[in-house]
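Have a look at the structure below before the remarks.
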Amino acid sequence: MTKPSLPDLLHAAVSAVGGTERPGQVAMAEAVAEAVDDQAHLLVQAGTGTGKSLGYLVPALAHGERVVVATATLALQRQLVERDLPRTVEALHPQLRRRPDFAMLKGRSNYLCLHRLHEGAPQDEEEGLFDVFEQAAPTSKLGKDLLRLRDWADETETGDRDDLTPGVSDRAWGQVSVSSRECLGASKCAYGAECFAEAARERSKLADVVITNHALLAIDAIEGAPVLPQHEVLIIDEAHELVSRVTGVATGELTPGQVNRAVRRAAKLVDEKVADQLQTAAETFERLMELALPGRLEEIPEDLGYCLMALRDAARTVISALGSTRDKSVQDEDAVRKQALASVETVHDVAERIAGGSEYDVVWYERHEHRGGGAYRPSGASLRVAPLSVSGLLREKLFTDRSVVLTSATLKLGGDFNGVAASLGLGPEGTATEDEPVWKGLDVGSPFDYGKQGILYVAKHLAQPGREGSRDDMLDELAELIEAAGGRTLGLFSSMRGAQAAAEAMRGRLDMPVLLQGEETLGELIRTFAADARTCLFGTLSLWQGVDVPGPNCQLVVMDRVPFPRPDDPLMSARQKAVEEAGGNGFMAVAATHAALLMAQGAGRLVRATGDRGVVAVLDPRVERARYGSFLRKSMPDFWYTTDRNQVRRSLAAIDAAAKAQE
């Protein structure tokens, strides 16, 4: 049988989803097919509108081997499973003579646990499952959420939290889900045959394409126990997020609340003397944390070191006791024991890791803030530990025994792929050593004409922003730009405090609605913003990467300042210092690269369709004046560049007038 041609397959798939083939999409599909056939590694930058999902799905399906696709966002996972894959499989069936199966797989805690729902579990909450179920009509938010979950359990086919609409609080979900450590195991659980998580794993073992997320990919790599099925091809979409997601999975944390919870759970099951040993260590830890000041601990203080060793040893004793105690008076003893073990093992593992003082880890105290009454106030401290770098881990665990394709709209920073590649554990493009596998980079461009559709404006006349304090000149500039644009503004701020201050200022100056992240759910804010041309939306990190509003209602994207990591960010500053000690430029490798990635993502919010027009305004003169400014500009789409404030106001007014004429 003649092998179907890739162009024919791609044409059929694109037609099935109602799209149009684009040169960049064709180039990407050809490059992915070549990489998969050669068992090679490929980095592909594919701009917004390229159609990159089909650019990798079609050659992967045509290859015939199992492929795992890991994405960062729920939106893309849903698009793949609910839209792209069903249509593509049907479209390719006549030529492939088969219908590849596909499945979604997430971490266990994303699925409803029937054992916990029906049998209950030791509750740390004042109001637990059975407390709620005994009430005729619970009035608390938690109670209502739990009743919704009980009803939903009879309706859902997947048990996947993301299929529950509207969602419930983390607190409620925590009462009906379990971590992998807490799970009894299908063979020991009365509900093993009906388990949603086990069903998802079984479907993934039989599927030709498995859609998962970066976090589960990281768990599969880090923990050594395979979670994902064996596969020959790994495709990582939204690959610019991978390093931060893997770092998150590899980060450990200890808080007084977490340690005390472990004590409470263990005390129900072990000898009083054993429980008291852990309780004493927990009390010492809590006293130390009350005095903790935020910042990195380059060396573990002596008192903390002794406390961590006491926690570790006491936790180890509890773990040994839990392995042999058989208290039949405890109802549903196995579930109670598994939850206690999970809590105590986490305390043991993190305490042991921090006390060990590895040179490859960064340890720091962190104080958390919550917003209340319009102000930010401290609310507790945690002790955290994270890997100094995940590049070695990624190189060792990802790029062996399979072809890996990484793709995103932002992989070239400063004009090349090498910065992103280095963070993934790869050497310079085209070179290979015994430790660093060879890879190839490809930029397939974008269907948009950025030079004609958008303007990059840098307000070089403004004062350089400082670490703290009001920027009155920036607020004046922001108000004038919004007025010229007639609203239609997405404000991207480097901090939530900055976004809040700007929103309050603009609400006092402008007769336009100004939405602020945190005052409503993100989805509702974006819907409101997209529906009203005069509305502005201000916010921080999730808006830099998570907004897709094509059309005339988003014609001005404003960045208040270069989003460098905070100078006192323990992990970033440690990574920067490590690069410098190795003879590199720590600022460029860490801080500038971090900022460039965010600015590239933020600038990408402007042009989402071929008819979009507008301005990206950066209210930080360093993008024009500083030596690293050209690196930042090269990382963003190739807009027409200016520092002329009057020209930009005229352009915004003209775009606004044209949009109003079409309304």
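The values are calculated or read from the model by the stated rules, or taken from the named source; none is laboratory data. Quick caveat, the model's predicted, so the values are computed rather than measured. Cβ atoms come from the backbone with ideal geometry, glycine included; neighbour counts cover every protein chain shown. Just so you know, the surface numbers come from the protein's heavy atoms only, side chains and all, with ligands and any DNA or RNA stripped out. Shrake-Rupley method; radii C 1.70, N 1.55, O 1.52, S 1.80 Å.
Structural remarks
- Average projected area [Cα convex hull, segment 147-194], square nanometres: 3.8 nm²
- Base-10 log of normalised Debye intensity for segment 1-98 (one unit scatterer per alpha-carbon) at q = 0.10, 0.11, 0.21 Å⁻¹: -0.24, -0.29, -1.16
- FRET efficiency, residue 581 to residue 179 (Cβ-Cβ, R0 25 Å, nearest 0.05): 0.10
- The Cα atoms of segment 483-556 cover 28, 27, 18 Å along the three principal axes, with the biggest extent listed first.
- Binned Cα-Cα distance frequencies in segment 414-463 - 10 Å width, integer %: 20, 30, 23, 21, 6, 0
- Solvent-free Debye scattering, log10 I(q)/I(0), computed from the Cα coordinates of segment 430-531 at q = 0.17, 0.23 Å⁻¹: -0.92, -1.36
- Kirkwood-type hydrodynamic radius, segment 521-663: 16.8 Å, calculated from all non-identical alpha-carbon pairs.
- Look at where the Cα atoms of segment 508-579 and of segment 389-414 average out, and the two centres are 28 Å apart.
- Net length available on complete extension from residue 205 to residue 150 is 16.9 nm, with 0.36 nm assigned per residue and the Cα-Cα distance removed.
- Binning all Cα-Cα separations of segment 216-303 at 5 Å, short to long from zero, yields these whole-percent fractions: 2, 10, 14, 14, 12, 13, 14, 10, 7, 4, 1.
- Theoretical ellipticity at 222 nm over the chain - DSSP helices of four or more residues, -39500 (n - 2.57) apiece, nearest 500: -13500 deg cm²/dmol
- Degrees separating the helix 141-153 axis from the principal Cα axis of the chain, which is the longest one: 90 degrees
- Under the simplified labelling scheme, the residue 280-residue 522 pair shows an inter-label distance of 4.6 nm, with each label point 7 Å from Cα along Cα→Cβ.
- Legend: Rg and Dmax of segment 529-576, from Cα coordinates, 15.0, 44 Å.
- With the convex hull of the Cα atoms taken as the outline of the chain, the averaged projected area works out to 31.9 nm².
- Alpha-carbon centroids, segment 140-199 and segment 1-50: separation in whole Å: 38 Å
- Label point at residue 39 placed 7 Å out along Cα→Cβ; residues across segment 384-417 whose backbone nitrogen lies under 12 Å: 400-404
- Computed extension gain for residue 463 through residue 232, at 0.36 nm per residue and net of the alpha carbon distance, reaches 77.8 nm.
- The label-point distance for residue 170 and residue 225, in a model that sets each label 7 Å from Cα toward Cβ, rounds to 2.3 nm.
- Counting only protein chain heavy atoms and rolling a 1.4 Å probe, the accessible areas of 548, 612 rank, largest first, as 548, 612.
- Dimensionless Rg/Rh of segment 388-486 - Kirkwood Rh, Rg from C-alpha atoms: 1.17
- Against the chain, whose longest principal axis is taken from its Cα atoms, helix 85-96 shows a tilt of about 80°.
- Segment 591-647 - accessible surface per residue (Å², probe 1.4 Å): 37 Å²
- Heavy-atom accessible surface of the chain: percent carbon and sulfur, 1.4 Å: 49 percent
- Pairs from the table (106/268; 452/634; 460/634) lying more than 26 angstrom apart at Cα are 106/268.
- Taking label positions 7 Å along the Cα-Cβ direction at both residue 334 and residue 625, the computed distance is 6.8 nm, reported to one decimal.
- log10 of Debye I(q)/I(0), alpha-carbon scatterers only, for segment 1-52 at 0.28, 0.29, 0.30 Å⁻¹: -1.15, -1.18, -1.20
- Accessible area of segment 170-214 divided out per residue, in Å², using a probe of 1.4 angstrom: 47 Å²
- Remark on segment 153-294: ratio of C-alpha radius of gyration to 2.2 N^0.38 Å is 1.34.
- Dipole magnitude for the chain: computed about the Cα centre from +1 point charges on Lys and Arg Cβ and -1 point charges on Asp and Glu Cβ, it is near 1200 debye.
- Using R0 = 60 Å, the C-beta based FRET efficiency linking residue 663 and residue 188 works out to 0.45.
- The slack in the chain from residue 511 to residue 273, taken as 0.36 nm per residue of separation less the alpha-carbon distance, amounts to 79.0 nm.
- Accessible surface, per residue, of segment 384-472 when the full set of protein chains is kept, probe 1.4 Å, Å²: 44 Å²
- Residues within the reach of a label modelled at residue 81 (point 7 angstrom out along Cα to beta-carbon, backbone nitrogen below 11 Å), restricted to segment 49-75, are 74-75.
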